[in-house]
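Peer 1: Input: one structure, supplied below.
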Amino acid sequence: MTKPEFKPEQHKKYFRRSLDLLPGESAVFDYSRLTILYFALIGLDILDGLDSLGDSRKKDIVEWVYRLQLVPSDHCPVHKCGFMGSTTVIHLKNHPNRDKFCESNVAMTYMALCILVTLGDDLSRVDKSAVLRGVASLQKPDGSFKSNYEHGESDLRFVYCSLAICNILDDSSTINVNNAIKFISNCFNYDGAFGQNPGTESHGGSTYCAIASLSLLDQLNSVLDENKSKILERWAVNRQTNGGFQGRPNKDPDTCYSFWLGATLSIMGSLNRINKDRNRDFVLNNANFITGGFSKNMDSIPDPMHTCLSLCGLSLIGEEKLNPINPSLNITVRAANYLKQIQLRNM
Amino acid sequence: MDDRKKSPELKSDSSDSADETDPSRNNGCSNYVMYRDRPEWKDVQPVAQDDGPAQVVRIAYSEKFSDVFDYFRAIIKSGEKSERALNLVTDAITLNPANYTVWIYRLEIVLYLKIDLHNELDYISNVIREFTKNYQVWQYRKNIVEMLNDPSGELEFTADILDLDAKNYHAWQYRQWVITTFSNLIENELNFVDDLISQDIRNNSAWNQRYFVINMSNPNADVIDKELKYTFDKIQILTKNESAWNYLRGLLLYSENGILEDKVSTFCTQLYDKGNRSIHLLSCLIDLLDVDVNSTELEDVEKVKFALKLCSDLASVYDPIRRSYWAYISSNIENKYSIKEHDFKIVISNGNN
Ligand SMILES: [Zn+2]
């Protein structure tokens, strides 16, 4: 088999197109357009392609994101504050008695902050206290977090987003960190990895959320003793199959797991135990040379999430021409260093 | 994590003309009329999406999508809770079930109109059948079932959905929620799991559910013993099945004084002696040997060397994709027992594989 070639320009074009206009089939993302924006911008940053956007476009994006912020007012109680994922119901912002339908979502707040930092915004217009109290209001007695206030579902995804927000804003005083750790630890399974909730099947995505959360809290060792680390490491390296990674045992490989499991192993300091060459081949074989972008497997078409996470996976294993990423926050190392500077300035 | 990506968008109809021309899609929508052209909606002023001065990640919405959501924005603003509002919300959900607000508003209307929640349960059953891997649909079902406080149809319903895809994470997670929230639902769960494992012995979700059930029952030694035999049988049917091996290792967590380890060790040794070289078998043997060694007697040194041989066999013959991993395990064992001289060194070229 010939070695597949990596062609970064095609993927930059793919992201620039996504930033502009998405086809009608993407209407299912109408309520979470911020996720597309996040994947496109983080992806472009990894490709070192942010400059090609131009300053005025970057400014437009920053303004668009800030419009999604809900700040405390007569019509917006503090527990609804944070960022919305789109403009679908933005007309209800500041409308009396409609906060039930116009509220933030913790995944969207996490992505909004990552976007702003990636574009060089200093977060000075983020109502930090409101965001942090908003996050705190989503924590349940078992330590987990809901996605949003009204009937939101709760699992490790939103634990991760909440802890990442606290990490970015450098303040975890509003939440119960010990309960969050307890919840994460309750999601640890007999086979050595984490499910979305206690008792549910181990999954590459939830395992990433658990490990990244613990690493952001600097508490990896408090949940994973030597033996647990050992079986988690085995579970994670065993996910490599046919070159790529699968999310669960006996499932087909999918490019996004090169990130979810690659980042998990990277955080644990164990990424050298995988076969990087075959992982690289698998991911690159799912690049689309007509449209640019990466698909999850050969039977699918590219989408922004799999394109971004494929690039993250490639960056982790040291692909040339790609900027390195911070595996716990899932932004580039450059953006994470810039974040450190902002945090120091505000101290 | 990618579940929300594909299935809904493939199924949501973005093309209106397709509705009109494709007879296979004719389920009452062949005469579809835009809300803006419906006389009974004349009194409502649609509200366009307000994207602000600069647009990013725009979506080329279909005419139908914009029409429905422009009217949805109007009624949620006016707060109208009526029969026609419910129909509109139903259309909005069909176009984008991943919209949290439509679900929250739907529930408001349903409660306000005092609609029979059993009918609402039927409705959500149909929506879930169409969008089996959407998060919001399952969450909505949870809300309805909680309010009804009646889980009587839930195991059957999730079984139906698992019949479409026996590894559907949403369905399993929901099923566990039902079982832990309402009592007396666990009785037949082991039979259910048994059937699924018989249908597909590699179904990891079913194995996980088996552990969930056993773990919840506070098993005594007899139960664990039975599980051990069950798992041995299943492993012998397909020795390379990681799910069964992981389950076996999970059972060892119930071991006291190494009794289970002895049984597992005997099983593994017999399998090995018969010539089986499943990577999970070899991996398990390495762990068991490692635990078993507690002295520097000659016999124990031989055991360690055997473990090192297994690592080497895995790295070079049976599991070469994880060559680096086995080299690492091998060097851990070398260091732990200070064995420097042996014939099973694993060489890694240029620090990679
Ligand atoms: Zn994926």
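Peer 1: List the accessible area buried at the contact between A and B, summed over both sides and calculated with a 1.4 Å probe, in Å² to the nearest 100.
Peer 2: Accessible area lost upon association: around 7400 Å².
Peer 1: Taking only the C-alpha atoms, wrap a convex hull around the range B:34-113 and report its volume per residue in Å³ as a whole number.
Peer 2: 100 Å³
Peer 1: Also, I was wondering about something else. Under a plain spin-label model, where a point goes 7 Å from the Cα along Cα-to-Cβ, how far apart in nm are B:Asp233 and A:Ser129?
Peer 2: It works out to 6.5 nm between the two label points.
Peer 1: Okay, next question. By its C-alpha gyration tensor, with a ≥ b ≥ c as the square roots of the eigenvalues, how is the range B:116-185 shaped: rounded for a/c under 1.5, else prolate for a/b larger than b/c, else oblate?
Peer 2: oblate
Peer 1: Hey, another quick one. Set the Förster radius R0 to 22 Å, insert the Cβ-Cβ distance between B:Ser78 and B:Lys114 as r into 1/(1 + (r/R0)^6), and round the FRET efficiency to 0.05.
Peer 2: It comes to 0.60.
Peer 1: Next question, about the same structure. When the helix-only estimate is applied to the protein assembly as shown (DSSP H runs of n ≥ 4, each -39,500 (n - 2.57), divided by the residue count), what is the mean residue ellipticity at 222 nm, nearest 500 deg cm²/dmol?
Peer 2: Rounded to the nearest 500, it is -17000 deg cm²/dmol.
Peer 1: Still on this structure, please answer the following. In the neighborhood of B:Val293, defined by Cβ-to-Cβ distances under 12 Å, what is the net charge if each Lys or Arg adds +1 and each Asp or Glu adds -1?
Peer 2: Residues close to B:Val293 contribute a combined charge of -4.
Peer 1: Per-residue Cβ counts within 10 Å, from other chains only, averaged over B:201-208: what number is that?
Peer 2: 5
Peer 1: Counting only other residues whose beta carbon sits under 13 Å from that of B:Thr239, what net charge do I get with K and R as +1, D and E as -1?
Peer 2: The answer is +3.
Peer 1: OK, next. Ranking request for peptides B:54-60, A:261-267, B:278-284: highest mean number of other beta-carbon atoms within 10 Å first, then the rest in descending order.
Peer 2: Result, highest mean first: A:261-267, B:278-284, B:54-60.
Peer 1: Just going by the charge dipole of the range B:116-185, with Lys and Arg at +1 and Asp and Glu at -1 on Cβ, which of B:Leu117, B:Ala166, B:Leu155 is farthest out on the positive end?
Peer 2: B:Ala166
Peer 1: Got a sec? Charge dipole of chain B, +1 on Cβ for Lys and Arg, -1 for Asp and Glu; which of B:Gln136, B:Leu251, B:Leu285 is way out at the positive end?
Peer 2: B:Leu285
Peer 1: Helix B:298-313 versus the longest principal axis of chain B: what angle, 0 to 90°, nearest 10, using Cα atoms?
Peer 2: The two axes meet at around 40 degrees.
Peer 1: Here's a follow-up. Roughly how many Å is it from the Cα centre of the range B:303-318 to that of the range A:99-130, as a whole number?
Peer 2: The range B:303-318 and the range A:99-130 have Cα centres spaced 52 Å from each other.
Peer 1: Could I ask something else about it? How far is it, in nm, from the label point at B:Asn31 to the one at A:Thr174 when both lie 7 Å from their Cα along the line to the Cβ?
Peer 2: Label at B:Asn31, label at A:Thr174, 5.3 nm between them.
Peer 1: Hey, what does the equivalent ellipsoid look like for chain A, semi-axes from the Cα gyration tensor as sqrt of 5 times each eigenvalue, largest first, whole Å?
Peer 2: Semi-axis lengths for chain A are 30, 26, 18 Å.
Peer 1: Could you calculate the contour length gain from A:Lys7 to A:Met298, that is, 0.36 nm times the residue separation minus the distance between their Cα atoms, to one decimal place in nm?
Peer 2: 103.0 nm
Peer 1: For A:Lys13, go through the lysines and keep the ones whose alpha-carbon is under 18 Å away, minus same-chain ones fewer than eight residues off.
Peer 2: A:Lys58, A:Lys321
Peer 1: Right, another one. Please calculate how many Å² of accessible area the protein assembly as shown carries per residue, with a 1.4 Å probe and no DNA, RNA or ligand atoms counted.
Peer 2: In whole numbers, the protein assembly as shown has 40 Å² accessible per residue.
Peer 1: A further question on this structure: When Lys and Arg each count +1 and Asp and Glu each count -1, what net charge do the other residues less than 13 Å away from B:Ile348, Cβ to Cβ, add up to?
Peer 2: Residues near B:Ile348 contribute +4 overall.
Peer 1: Here is a follow-up. Kirkwood Rh over alpha-carbon pairs of chain B, then Stokes-Einstein at 25 °C and 0.890 mPa s: what D in µm² s⁻¹, rounded to an integer?
Peer 2: 97 µm²/s
Peer 1: Once you order the gyration tensor axes a ≥ b ≥ c over the Cα atoms, which shape class does the range A:232-347 get: rounded for a/c under 1.5, otherwise prolate or oblate by comparing a/b with b/c?
Peer 2: It comes out oblate by the Cα gyration axes.
Peer 1: Distance cut-off 23 Å, Cα to Cα: go down the list A:Lys93/B:Lys42; A:Lys182/B:Lys263; A:Lys228/B:Lys336; A:Lys100/B:Lys77 and report the pairs above it.
Peer 2: Exceeds cut-off: A:Lys93/B:Lys42; A:Lys182/B:Lys263.
Peer 1: Okay, moving on. List the trypsin sites (Lys or Arg not before Pro) within the range A:266-344 that fall in a DSSP loop (any state other than H, G, I, E or B) and whose Cβ has at most 16 other Cβ atoms within 10 Å.
Peer 2: In loop regions of the range A:266-344 (DSSP not H, G, I, E or B), the sparsely surrounded trypsin sites (Lys or Arg not before Pro) are A:Lys321.
Peer 1: OK, next. Counting other C-beta atoms within 10 Å, and keeping those with at most 10, which DSSP coil GluC sites (Glu not before Pro) do you find in the range B:289-353?
Peer 2: Hits after loop and neighbour filter: B:Glu297, B:Glu341.
Peer 1: Same structure again: Put simply, what bits of the range A:23-53 lose 40 Å² or more of accessible area when the other protein chains are there, versus the chain on its own (1.4 Å probe)?
Peer 2: Going by heavy-atom accessible area, the residues of the range A:23-53 that drop by at least 40 Å² are A:Gly24, A:Glu25, A:Ala27, A:Val28, A:Phe29, A:Asp30, A:Tyr31, A:Arg33.
Peer 1: Same structure again: Can you list the chymotrypsin sites (Phe, Trp or Tyr not before Pro) in the range B:237-271 that are in a DSSP coil and have 10 or fewer other beta carbons within 10 angstrom?
Peer 2: Answer by residue number: there is no such site.
The values are calculated or read from the model by the stated rules, or taken from the named source; none is laboratory data. Owing to the predicted nature of the structure, the values given are computational and were not obtained by experimental measurement. We place every Cβ from the backbone using ideal geometry, glycine too, and count neighbours over all the protein chains shown. For accessibility, only protein heavy atoms count, side chains too; no ligands or nucleic acids. Shrake-Rupley method; radii C 1.70, N 1.55, O 1.52, S 1.80 Å.
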